[in-house]
Each structure stands twice: as structure tokens, then as C-alpha cells.
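Undergrad: Structure provided below as C-alpha cells; questions to follow.
Readers should treat all values here as calculations from the given coordinates under stated rules, not as data from a laboratory. Fair warning: this is a prediction, and the values are worked out from it, not measured in the lab. For neighbour counting, all protein chains shown are included, and Cβ atoms are generated from backbone atoms with ideal geometry for every residue, glycine included.
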Amino acid sequence: MFNFKPSKSHINYSYTDFNEVLTDELLQIDTVGRDETYANKTRYPYQPTPYVILDKILSEKLLENSRYLVDFGCGKGRVAFYFADKYEGIDITGIEDVKAFYADALNNLNNFKKKNSIHFLNKPAEDYFIPAQMDTFFFFRPFSIEIMQKVITNIFKSYNKKQRNIKLIFYYLTEEYIMFLSSVPGLNLIKDIDCRDTIAKDDKRYRILVFEIK
């Protein structure tokens with residue numbers, strides 16, 4: 001029997017569909033819905049990456065060679081739980097600035113079966129010191145370009161301390177954002193995956209872009 005229960009009465013559940021609720025239920029987590037409570041000029045409303053997009057990342061094997069994944073703006077932890085369930089041996093860190101969402105991620109972690117591979121940190125993305133082993137970074141509908149500039153700088157600082165192959169995976173970017181990323185020296189676009197058929201919406205923002213530092 002279905003026993004999914006929304007945890008926040010102010011969340012608008014019109015953004016969900018059966019697949020979203022069912023997959024949450026199977027993972028024994030609660031990440032569904034959109035929440036605008038903490039949104040401002042630099043932080044977008046909470047809205048988890050659709051499971052169909054995570055399925056797409058999986059089918060495209062974008063994390064096949066990854067040992068460490070950092071999810072910036074992880075919210076309630078959906079990305080971490082999904083990929084921890086799909087991959088053995090991947091260590092995942094979620095960075096979340098909003099204390100309420102961080103607390104929700106920890107609550108989800110208590111119910112998740114593969115706890116040892118997931119870590120959550122409550123801090124701004126730009127304040128996260130990037131350990132030398134981190135090799136893959138995920139961003140869904142990222143924060144402002146101003147904050148991203150600082151995050152990219154931190155990634156390059158880490159790379160310069162220990163050179164390695166680094167992959168940055170982005171979903172749902174504006175053309176302005178793509179222009180910014182394309183202008184960063186040393187950041188090379190290696191994949192551009194159209195997801196409009198997957199989402200069933202004709203909007204160029206529905207795409208996965210993969211950049212590499214090598």
C-alpha cells in the first residue's frame with residue numbers, strides 16, 4: 001500500500017506526478033514538491049531534479065567513472081539518494097545552505113538503506129572547501145552566476161592543488177548561464193544532451209550539459 005505523506009503543508013504538490021511520488025516511496029525518502037519559502041534573488045525555490053532526468057544521467061553513463069559526487073544545492077537530498085542506490089562505491093556529498101532543507105535531508109538519511117556513502121553539509125556553496133579527491137559536481141538550476149563564479153574558482157583551486165579529471169554536470173541552464181560557463185578558461189563542454197522529449201516541453205533549458213577540466 002502507498003503510505004507517502006507530504007511533510008510540509010505549504011508545498012505545492014501540483015508540480016509532482018505519479019513517478020515522482022512512487023520513486024520517493026521506493027527509496028523511502030520525502031523530496032517531492034516545490035517550496036518557495038526561502039527563495040530570493042540569489043537562491044531559487046526548492047524543486048528537486050526530476051527523476052526522469054536522473055534516469056537520463058544514469059542511461060548516459062555520466063557517472064560511470066566517478067568516485068566522488070558533490071551535489072551543490074542538494075535540497076532534501078534526492079540526487080544523493082538516487083545515485084547511492086544505483087552505484088556501488090560512489091561517495092556523495094550534498095551541500096545545502098537552507099537549514100530546513102538540510103534537516104529534511106538528514107531525516108531522509110535516517111530512512112535510507114545505504115547511509116555510509118552519503119554526507120550532507122549545511123553551508124553556502126561558495127564556502128565549501130573542495131577536497132582534492134572530488135571529481136564530479138552536479139548542479140540543477142544553479143544559484144546566481146555571481147555565486148557560481150566563486151564555486152568555479154574553488155573547483156579550480158582544488159584542481160591546481162591536485163590535477164585530475166573533473167566533470168561538472170548541469171541541468172536546466174539559461175543561455176546567459178551557458179555563455180558564462182563557456183567563457184571560463186579551462187572549462188570545456190563535452191556533452192550537450194537535449195531533454196525536451198524526456199520532459200515533454202519545448203524549452204531549450206531542458207538539457208544536460210557536461211563540462212570537463214582536464
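Undergrad: Would you mind working out the magnitude of the charge dipole of the chain relative to its Cα centre, with +1 at each Lys and Arg C-beta and -1 at each Asp and Glu C-beta, to the nearest 20 Debye?
TA: Dipole about the Cα centre, nearest 20: 580 debye.
Undergrad: Per-residue HN-Hα couplings for the range 42-57, Karplus 6.51 cos²θ - 1.76 cosθ + 1.60 at θ = phi - 60°, whole Hz, x for Gly and Pro?
TA: Whole-Hz 3J(HN,Hα) from phi for the range 42-57: 10, 10, 7, x, 5, 7, x, 4, x, 4, 5, 6, 5, 4, 5, 4.
Undergrad: Okay, moving on. Subtract the Cα-Cα distance of LYS41 and PHE180 from 0.36 nm times their separation in residues, and report this length gain in nm to one decimal.
TA: 48.2 nm
Undergrad: Still on this model: Pairs LYS76/LYS201; LYS56/LYS86; LYS86/LYS113; LYS86/LYS162; LYS157/LYS214: which exceed 19 Å Cα-Cα?
TA: Result: LYS76/LYS201; LYS86/LYS162 exceed 19 Å.
Undergrad: Here is a follow-up. Quick check: the angle from helix 145-161's long axis to the longest principal axis of the chain, C-alpha only, nearest 10 degrees?
TA: So the inclination is approximately 60 degrees.
Undergrad: Same structure, new question: If I model a spin label at ASP55 and ASN116 as a point 7 Å from the Cα along the Cα→Cβ vector, what separation in nanometres do I get?
TA: It works out to 3.1 nm between the two label points.
Undergrad: So what J values fall out for the range 84-89 if you push phi through Karplus, 6.51 cos²θ - 1.76 cosθ + 1.60 with θ = phi - 60°, rounded to Hz, Gly and Pro as x?
TA: Once θ is set to phi - 60°, the couplings for the range 84-89 become 5, 6, 8, 10, 8, x Hz.
Undergrad: Once phi is turned into θ = phi - 60°, what whole-Hz ³J(HN,Hα) does the Karplus curve with 6.51, -1.76 and 1.60 give for every residue of the range 120-129, x standing for Gly and Pro?
TA: 10, 10, 9, 6, x, 4, 6, 9, 7, 6
Undergrad: Let me ask you something else. Arrange the following residues from fewest to most other Cβ atoms within 10 Å of their Cβ: GLU64, GLU25.
TA: GLU64, GLU25
Undergrad: Still on this model: Relative to the longest principal axis of the C-alpha atoms of the chain, give the angle of the C-alpha long axis of helix 99-111, reported between 0 and 90° and rounded to the nearest 10°.
TA: 70
Undergrad: May I ask for the angle, rounded to the nearest 10°, between helix 18-27 and the longest principal axis of the chain, with both axes built from Cα atoms and the value confined to 0 to 90°?
TA: Approximately 80 degrees, to the nearest 10.
Undergrad: Further question: Just one of (i) 8, 36, 40, 15, 2, 0; (ii) 8, 29, 22, 13, 13, 10, 4, 0; (iii) 8, 30, 29, 19, 11, 3, 0 is P(r) over Cα pairs in 10 Å bins from 0, in percent as worked out from the coordinates here. Which one is it?
TA: (i)
Undergrad: Using 1/(1 + (r/R0)^6) with R0 = 35 angstrom and r between the beta carbons of ALA100 and GLN133, what's the FRET efficiency to the nearest 0.05?
TA: 0.70
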